[in-house]
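What follows is calculated from the coordinates using simple rules that are stated; it is not laboratory data. Source: prediction; values computed, not measured. Every residue, glycine as well, gets a Cβ built from its backbone with ideal geometry; the counts of neighbours run over all protein chains shown.
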Amino acid sequence: MSLPDPPLLGGCQCGACRYEIAAAPLFGYVCHCLECRRHTSSAFSASILVRTDALKAMGPISVWVRENANGPPLEAHFCAACGVRLFHHSVPKGPLVRVKAGTLDDADWFSPAAEYFTKRRFAWVSPAGEAVQCVEADAAGADPMSVWRRLTA
Ligand SMILES: [Zn+2]
Ligand SMILES: [Zn+2]
């Protein structure tokens, strides 16, 4: 499905935190790893990559840094009132932020271009559409970005 026109709006469950994304998302994926299960308290995470300078968040946001065995630490941003994870980025902050797709006001357009850590996927969850299937974090020669471009054209 084609990308929505910016700005994309979203927020936490209680409404205290809101955010605005001023540029089109650059990528979308789901991840089945154990950390993603925990931080979403669900079966898997769904995320979009957006430019750091395009994201503006408002409200009582708390920050927690998680050490990461597979790379730099991750700084998680969540609502101090209701605890919903809104986005995270690596430390130090780079050019991209991972926003949790489930917090978008409208995510009907979202379809993942890749699925990561499929070795952890619950048996009752089917592979998503055209998403590149990655056993762990590596796409093993596949090109998820070209899938993203096709999905969002
Ligand atoms: Zn909240
Ligand atoms: Zn994950």
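Here are the numbers:
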quantity: Cross-chain or 6+ apart pairs with Cβ under 6 Å, the stretch 137-153 first and within 15 Å of Tyr116 (Cβ to Cβ), then not in a loop (DSSP other than H, G, I, E, B); calculated: Ala137/Tyr116; Ala139/Val132; Ala142/Val132; Pro144/Ala114; Pro144/Val132; Val147/Val132; Trp148/Phe27
quantity: Residue identified as more than 14 Å from ligand 2 (Cβ to nearest atom), among the aliphatic types (A, V, I, L, M) and without any contact (Cβ under 8 Å) to a residue 24 or more places away in the chain among Val99, Val84, Val50, Val63; calculated: Val63
quantity: Counted residues, the stretch 49-69 - those being out of contact with any helix residue (DSSP H, G or I) (no Cβ under 9 Å at 6 or more places or on another chain), more than 16 Å from ligand 1 (Cβ to nearest atom) and in a strand (DSSP E or B); calculated: 6
quantity: Within the stretch 107-150, tally of residues that are in contact with a strand residue (DSSP E or B) (Cβ under 8 Å, 6 or more places away or on another chain) and not polar (S, T, N, Q); calculated: 23
quantity: Residues located in the stretch 21-48, provided they are within 16 Å of ligand 1 (Cβ to nearest atom) and either outside any loop (DSSP other than H, G, I, E, B) or of a type outside the set (Gly, Ala, Ser) (or both); calculated: His39, Thr40
quantity: Any hit, the stretch 58-73, residues being surrounded by 13 or more Cβ atoms within 10 Å (Cβ to Cβ), out of contact with any Lys or Arg (no Cβ under 9 Å at 6 or more places or on another chain), under 30 Å from Ser126 (Cα atoms) and not polar (S, T, N, Q); calculated: yes
quantity: Qualifying residue in the stretch 54-72 (condition: closer than 30 Å to Lys119 by Cα and within 14 Å of the chain's Cα centre (by Cα)); calculated: no
quantity: Residue match in the stretch 29-36 (condition: hydrophobic (A, V, I, L, M, F, W, C), farther than 17 Å from Ala76 by Cβ, touching an Asp or Glu at 6+ places or on another chain (Cβ under 8 Å) and surrounded by fewer than 23 Cβ atoms within 10 Å (Cβ to Cβ)); calculated: no
